[in-house]
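The values are calculated or read from the model by the stated rules, or taken from the named source; none is laboratory data. Note that the structure is a prediction, hence the values are computed from the model and not measured. Glycine also receives a Cβ, built like all others from the backbone with ideal geometry; neighbour counts cover every protein chain displayed. Remember, those area values only see protein heavy atoms, side chains included, never the ligands or the DNA or RNA. Shrake-Rupley method; radii C 1.70, N 1.55, O 1.52, S 1.80 Å.
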Amino acid sequence: MRIASFLLVGVTAISVTLSAQQIDSNTIESSLSPAARTGWSEDFTIAGFSGHDGGAPVVYDFARGPDGKVLATGRFQWMGDRRVDPVVQLDHDTWQPVRRDWGREVPLIGFSAIAVSDTGAIALSTYSGPFGAAPGEIWMETQDGAQVIGRLRGSVRSMVWFERQLWVAGFFVMEDAGVTNLAVWDGATWSAPPGGLANDAVYRLSVSDDTLLMAGDFTSIGGIAASHVAEWNGADWTAYDLTEPIEVGHVYAVTRTEAGELFAGGAISGGLVRWTGAGWEPVSGGVFFGEFYGVVSDMVMHRGDLYVTGCFSSANSIPSDPSSVRAESVARWTGTEWEGLDDGSEPVGTTWFEWGVCGFEPNQFTIWDVRYQRLFSDGERVYLGGHLPGVAGVPSQSIVAFDGREWQGFGQSNDGLFGYASAVAVGGWRHSTYVLGLISHAGTASRTSGIFRYDQGPREGRWTAVGGPLPEDLRCSQLAVDPWERVFVGCQDPSGPGVPVVLMLRGDEWVSLGPLDVEGTVWDMRVDRRGRVWLAGGVRTGDSSGSGFVARWDWDQFTVVEDGFNSMVFRVAFPPGGSAREGEVIAAGAFTQIGSDAFARIARLRGGQWEPLGSDLSAAVLALAWGEDAVYASTENPSDPSVEHLLLGRWDGTQWEEVATPDNGLPPPREETVHAIRDLLALGRYVVAVGSLWPETGGRNAFIYDDRQRRIAPLDGGLNAIGVDEVALGRDGLWFGGAIAEAGSGDTRIPSVGVAHFRLRP
């Protein structure tokens, strides 16, 4: 059985043909035939490192081997389209694996610290996670792989070789030795540092000539009283007490210059301080985060200048002071003045979740979640690693370098996104794919409005930025493109419910289409077969109260189709292509009334009259699709367990039925998660469902339901993502937008960042 889904190009209907094939050879017949399917596109990778879904990929630490190569470690899985372990070395400006086989499973969560001895011995510490108390291991590279030389509970922040011994610092307890926060490995056993334990966290170790500097939260170390900064010269300890008048939260970094000046940085007064010989003082005003002192997470000397990074927005003074220097989290102190190395005017977007912490928080594990983690100099360049997606408009996830004049990324920016597509639309005579979201870069195109168009060429696709900047006072989240390539954006005024705002692109300018005589937010925008743009939205003041509307842009003016809903309308849907029911519309949302008539959150407009589709949808409808033989809806998962929730409800004309069940192929969600569908796309007898769908086993987030087989399964392994927001049908396949990191599963998975494309041949 072949099915056709129709899309408009001008006034001509173009058919995209799909037919039955296997999504998963062990489970079900899917909607895509072997002749039509080519699978997930490999084009959507990004510069820098990328990783699995969830927390942002990160570079935690650097080291340099005896051969001069720079090594980096952290939590990441990909460099471009190449799978890599989270331990790499720089070879001819390309990050390469350090070794092919470690002899044991490399942890998915990666490593937090690395040290390389003069003989080339590599030591690594596994990362213990964002909450710090998980078990971790210290690895030592051997000829046959990696040997575990220590087990701990907590997290390691810094490691160095000093006098042929491995020193390990952080906030931890060594399980066998009982050593806390600072431990020394002599090649056979672990011990406390000479003189005694560190009584609190040690965040940084720095070798300076023949001495070892350390900084942290400790007040005693090696048997001496030492507040936050201390030094071991191989025979004696020296304390550099960092106390009043400097206010101290955490001390994260310490270094000594070639001239002998000692600097410390952290969540302290000024962020960066200098030892005077008698005490500490802020460096030329210090760094600031708004009106408050900023945080320095790391520092490094490079060619006579001190480079600092952390959480700050200016140096020398608060941003409103004329003497301040704009410096977005990375700056250079020349010895006489501050220089900002990123003025913050060109931010780079990210696909992944970030904790949004600064390092001044009281939790001692917070520093591992700060965006800017590490600085390292190889004498030629300064390397900056962290959760960061790039610096000063240069996109390169987790890793960038500075040559003294400009920032440089690593790897090629293919068609992946720095940011993610929260809205996806297909339209125009070229049948192009458009995306909207918090996107700074799409391929080689950089941000203007955050809207980009993807044109599929004979050999490869490319992104083009669309339009000028959107109004700063609006929050725009909906996107539609009509058959004549006119781009529409649905917005809201975040200061209040107000009047919905719809913009249309004219040239490079966004033009308001005039006031729409309804209230609230635009929640959905869809183009019907005649090329008209439909809007749904409203205001929700309670579970089933507020107001809602359905409106239509009739090429030159708005028509309010209905504004009598008593709560928001989240979705609209039209009959499938070729249907004789032209002119019918289904609206769904949180409403329970239209005017004085009762409706159960969904209604069909036919012949100018609203008709109910059953009376048993007891929760708001968040996703909607109109298929060949049925209507499909997904409802909100309410906090009240007595309220029935339909994950994928099917209306056959008489009743609603849940079809996304374990019996039909969808396993229950993982522990402490719930399934949620955000968008539905009907393709004849098939329905594509996307959202946050994390079953106990198998692929995630992108599923396809076969209505005749009554089976549901992941689409070719699914999508690894925090969540998938939208799905759209293009001429050459299915397009998915959301916080997407990878497509597929198991050995077949590939990186696909911010957007994914499942390719079909017509």
Can you name the residue in the range 580-600 that is assigned to a loop (DSSP other than H, G, I, E, B) and free of Cβ contacts under 8 Å to residues at least 40 places away in the same chain and is also surrounded by the most Cβ atoms within 10 Å (Cβ to Cβ) among such residues?
F599
Tell me, which strands (runs of 3 or more DSSP E) wholly within the range 702-762 include 1 or more residues that are in contact with a Pro (Cβ under 9 Å, 6 or more places away or on another chain)?
702-706, 711-714, 733-743
Could you tell me whether any residue of the range 238-258 is under 21 Å from A133 (Cα atoms) and in contact with a Phe, Trp or Tyr (Cβ under 6 Å, 6 or more places away or on another chain)?
yes
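Rundown of residues vs (1) modelled with pLDDT under 95; (2) among the aliphatic types (A, V, I, L, M); (3) within 31 Å of the chain's Cα centre (by Cα), yes/no style:
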site	(1), (2), (3)
R601	no, no, no
G608	yes, no, no
A619	yes, yes, yes
A623	no, yes, yes
D629	yes, no, no
D640	yes, no, yes
V643	yes, yes, no
G649	no, no, yes
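Residues checked against (1) open to solvent by 30 Å² or more (accessible area, probe 1.4 Å); (2) touching a strand residue (DSSP E or B) at 6+ places or on another chain (Cβ under 9 Å); (3) under 20 Å from W78 (Cα atoms); (4) among the basic types (K, R):
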| site | (1), (2), (3), (4) |
| --- | --- |
| G684 | no, yes, no, no |
| S692 | no, yes, no, no |
| R708 | yes, yes, no, yes |
| L734 | no, yes, no, no |
| I740 | no, yes, yes, no |
| G754 | no, yes, yes, no |
Out of P319, P395, report the one residue that is within 30 Å of G65 (Cα to Cα) and either of a type outside the set (A, V, I, L, M, F, W, C) or in contact with a Gly (Cβ under 9 Å, 6 or more places away or on another chain) (or both).
P395
Could you list, in sequence order, the residues of the range 56-97 that are surrounded by fewer than 20 Cβ atoms within 10 Å (Cβ to Cβ) and either among the β-branched types (V, I, T) or outside any loop (DSSP other than H, G, I, E, B) (or both)?
R64, R82, R83, V84, D91, T94, Q96, P97
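Residue-wise test of (1) open to solvent by less than 20 Å² (accessible area, probe 1.4 Å); (2) of a type in the set (A, V, I, L, M, F, W, C); (3) farther than 30 Å from D732 by Cβ; (4) modelled with pLDDT of 95 or more.
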position: R374; (1), (2), (3), (4): yes, no, yes, yes
position: R381; (1), (2), (3), (4): no, no, yes, yes
position: G390; (1), (2), (3), (4): yes, no, no, yes
position: V394; (1), (2), (3), (4): no, yes, yes, yes
position: D403; (1), (2), (3), (4): no, no, yes, yes
position: N414; (1), (2), (3), (4): no, no, no, no
position: V424; (1), (2), (3), (4): yes, yes, no, yes
How many of the residues in the range 461-473 are at pLDDT below 90 and either under 11 Å from D493 (Cβ atoms) or loosely packed, with under 11 Cβ neighbours inside 10 Å (or both)?
2
Just one of W523, W534 is under 24 Å from G428 (Cα atoms) and open to solvent by less than 30 Å² (accessible area, probe 1.4 Å); which is it?
W534
I'd like to know if the range 237-245 contains one or more residues that are surrounded by 21 or more Cβ atoms within 10 Å (Cβ to Cβ) and of a type outside the set (S, T, N, Q).
yes
When the range 465-484 is checked residue by residue, the ones that are part of a loop (DSSP other than H, G, I, E, B) and over 18 Å from D554 (Cβ atoms) are V466, G467, G468, P469, L470, P471, E472, D473, L474
Please specify each residue of the range 387-421 satisfying the condition of being more than 23 Å from S752 (Cβ to Cβ), part of a strand (DSSP E or B) and of a type outside the set (A, V, I, L, M, F, W, C).
Q408
Would you check if there is a residue in the range 213-235 being part of a strand (DSSP E or B), among the aromatic types (F, W, Y) and either open to solvent by 50 Å² or more (accessible area, probe 1.4 Å) or out of contact with any helix residue (DSSP H, G or I) (no Cβ under 7 Å at 6 or more places or on another chain) (or both)?
yes
